[in-house]
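Structure, as structure tokens:
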Amino acid sequence: MKIKIFFLIFIFMVMGIIPVMSMGNTSVNQQDKTRIVENSDKNKKNDKNQKSENSILEGLLYAKYNEELNDETLKAFAVLFNNNLKKNEKAFDLTDKNIYISDLELKEKFSDNYTSIIEKIKKVINDTNNIYIYLNNEITYVPFSECSSGATYTDEKYKNLISVASPWDKISEKYNKDIKCVGVSLNGIKFLTNYFDYKTALMWYLPKYEIK
């Protein structure tokens, strides 16, 4: 895994662009009936909460979607976004159309194939359900940026994040030599998931963390 990535970095070095991811008894008494109703109500509430969370996650992924993204890229985004929602449900500005759009807005953006996009996003969310980013066995918030200046930065607020090379960002249209990216580069994830699975891509930027 690392050897392949280092090989990619070597290529960028050569190009001169690298800087410095029970069934039981059938009779039911009244107490059991009450318990069943309570559990049913709890399950309905949990289902409602899950649908609400998924709805937000779907909207976040809709906003990032374009036809160039493969499934591994979308899975990496799903894990990262859902992880941060888990830590802070208000982590994202849902009024910003670059961050979140509704399914109706998705239809306006992709009128011809928006149904298939919705199905793809739902499958990606299902495939990555309950997968989070851990530090010392605790789910932890992970900052990210659209692109880096060729490497990520350290930050006093996130002491376990280390600076890693992200030379592929330098060939992005979003490249800016003055950008300060702490944590994960989304553009870097897009590049790496052309060659590796989503966990490997995320771990490149988060070597001290676990994804499980």
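If you go through the stretch 111-123, how many residues are more than 30 Å from Leu206 (Cα to Cα) and in a helix (DSSP H, G or I)? Reasoning before the result, please.
If we filter the stretch 111-123 for residues that are more than 30 Å from Leu206 (Cα to Cα), which is where we start, we get 111-116.
Restricting the remaining residues to those that are in a helix (DSSP H, G or I) gives 114-116.
Number of matching residues: 3.
For the stretch 162-212: of the residues being out of contact with any strand residue (DSSP E or B) (no Cβ under 9 Å at 6 or more places or on another chain), of a type in the set (Lys, Arg) and assigned to a loop (DSSP other than H, G, I, E, B), which is surrounded by the fewest Cβ atoms within 10 Å (Cβ to Cβ)?
My answer is Lys177.
Does the stretch 99-119 include one or more residues that are out of contact with any helix residue (DSSP H, G or I) (no Cβ under 7 Å at 6 or more places or on another chain), surrounded by 13 or more Cβ atoms within 10 Å (Cβ to Cβ), of a type in the set (Asp, Glu) and farther than 29 Å from Ser163 by Cα? Spell out how you get there, then give the answer.
First, pick out the residues of the stretch 99-119 that are out of contact with any helix residue (DSSP H, G or I) (no Cβ under 7 Å at 6 or more places or on another chain): 104-105, 108-109, 111-113, 115-116, 119.
Cutting the leftovers down to surrounded by 13 or more Cβ atoms within 10 Å (Cβ to Cβ) gives us 105, 109.
Okay, now just the ones that are also of a type in the set (Asp, Glu), so 105.
Remaining after also requiring farther than 29 Å from Ser163 by Cα: 105.
Yes, the conditions are met somewhere in the stretch 99-119.
Say whether the condition of being more than 21 Å from Ser145 (Cα to Cα), out of contact with any Leu (no Cβ under 8 Å at 6 or more places or on another chain) and not in a helix (DSSP H, G or I) is met by at least one residue in the stretch 92-110.
Residues of the stretch 92-110 more than 21 Å from Ser145 (Cα to Cα): 102-110.
Narrowing further to those that are out of contact with any Leu (no Cβ under 8 Å at 6 or more places or on another chain): 102-110.
So of that shortlist, the ones also not in a helix (DSSP H, G or I) come out as 102, 110.
Yes - at least one qualifying residue is present in the stretch 92-110.
Go through (1) within 17 Å of Val79 (Cβ to Cβ); (2) surrounded by fewer than 16 Cβ atoms within 10 Å (Cβ to Cβ); (3) in contact with a strand residue (DSSP E or B) (Cβ under 9 Å, 6 or more places away or on another chain) for Asp155 and report which single condition fails.
That leaves (1) as the condition not met.
Under 9 Å between Cβ atoms, at least 6 apart or on separate chains: pull out the pairs that start in the stretch 56-79 with a residue that is over 12 Å from Lys120 (Cβ atoms) and end on any residue that is of a type in the set (Asp, Glu).
Every condition considered, the pairs that remain are Ile56/Glu89; Gly59/Asp103; Gly59/Glu105; Ala63/Asp96; Ala63/Glu105; Glu72/Asp197; Ala76/Asp197.
Could you grab me the full set of residues in the stretch 124-161 that are assigned to a strand (DSSP E or B), among the hydroxyl-bearing types (Ser, Thr, Tyr) and closer than 18 Å to Ala201 by Cα? Reasoning before the result, please.
Step one: list which residues in the stretch 124-161 are assigned to a strand (DSSP E or B), which gives 133-135, 138-139, 144-145, 151, 153, 155, 158.
Adding the requirement that they be among the hydroxyl-bearing types (Ser, Thr, Tyr) leaves 134, 145, 153, 158.
Listed by number, the residues that qualify are Tyr134, Ser145, Tyr153.
Given (1) farther than 21 Å from Asp127 by Cα; (2) touching a strand residue (DSSP E or B) at 6+ places or on another chain (Cβ under 7 Å); (3) crowded, with 19+ Cβ neighbours inside 10 Å; (4) not acidic (Asp, Glu), where does Pro143 come up short, assuming only one miss?
Going through (1) farther than 21 Å from Asp127 by Cα; (2) touching a strand residue (DSSP E or B) at 6+ places or on another chain (Cβ under 7 Å); (3) crowded, with 19+ Cβ neighbours inside 10 Å; (4) not acidic (Asp, Glu) one by one, Pro143 breaks only (3).
Pairs needed: first member in the stretch 183-204, under 11 Å from Ser172 (Cα atoms); second member anywhere, surrounded by fewer than 19 Cβ atoms within 10 Å (Cβ to Cβ) and of a type in the set (S, T, N, Q); C-beta distance under 7 Å; at least 6 residues apart or different chains.
Taking only residues 6 or more apart or on different chains, the pairs are Asn187/Ser172.
Which residue out of Asn88, Asn137, Asn130, Asn82 is closer than 21 Å to Leu69 by Cα and among the polar types (S, T, N, Q)? Full working, then the answer.
On the way: Asn88 fails: closer than 21 Å to Leu69 by Cα; Asn137 fails: closer than 21 Å to Leu69 by Cα; Asn130 fails: closer than 21 Å to Leu69 by Cα.
Exactly one of Asn88, Asn137, Asn130, Asn82 is closer than 21 Å to Leu69 by Cα and among the polar types (S, T, N, Q), namely Asn82.
Criterion first (at pLDDT 95 or above, touching a Ser or Thr at 6+ places or on another chain (Cβ under 7 Å) and surrounded by 16 or more Cβ atoms within 10 Å (Cβ to Cβ)) does Ile125 satisfy it?
Values: at pLDDT 95 or above: yes; touching a Ser or Thr at 6+ places or on another chain (Cβ under 7 Å): no; surrounded by 16 or more Cβ atoms within 10 Å (Cβ to Cβ): yes.
For Ile125, the condition - at pLDDT 95 or above, touching a Ser or Thr at 6+ places or on another chain (Cβ under 7 Å) and surrounded by 16 or more Cβ atoms within 10 Å (Cβ to Cβ) - is not met.
Run Ser149 past the list (1) in contact with a Phe, Trp or Tyr (Cβ under 6 Å, 6 or more places away or on another chain); (2) over 23 Å from Asn130 (Cα atoms) and report the number of the one that doesn't hold.
Ser149 satisfies all of (1) in contact with a Phe, Trp or Tyr (Cβ under 6 Å, 6 or more places away or on another chain); (2) over 23 Å from Asn130 (Cα atoms) except (1).
The values are calculated or read from the model by the stated rules, or taken from the named source; none is laboratory data. These numbers were taken from a predicted model, which means no experiment stands behind them. For neighbour counting, all protein chains shown are included, and Cβ atoms are generated from backbone atoms with ideal geometry for every residue, glycine included.
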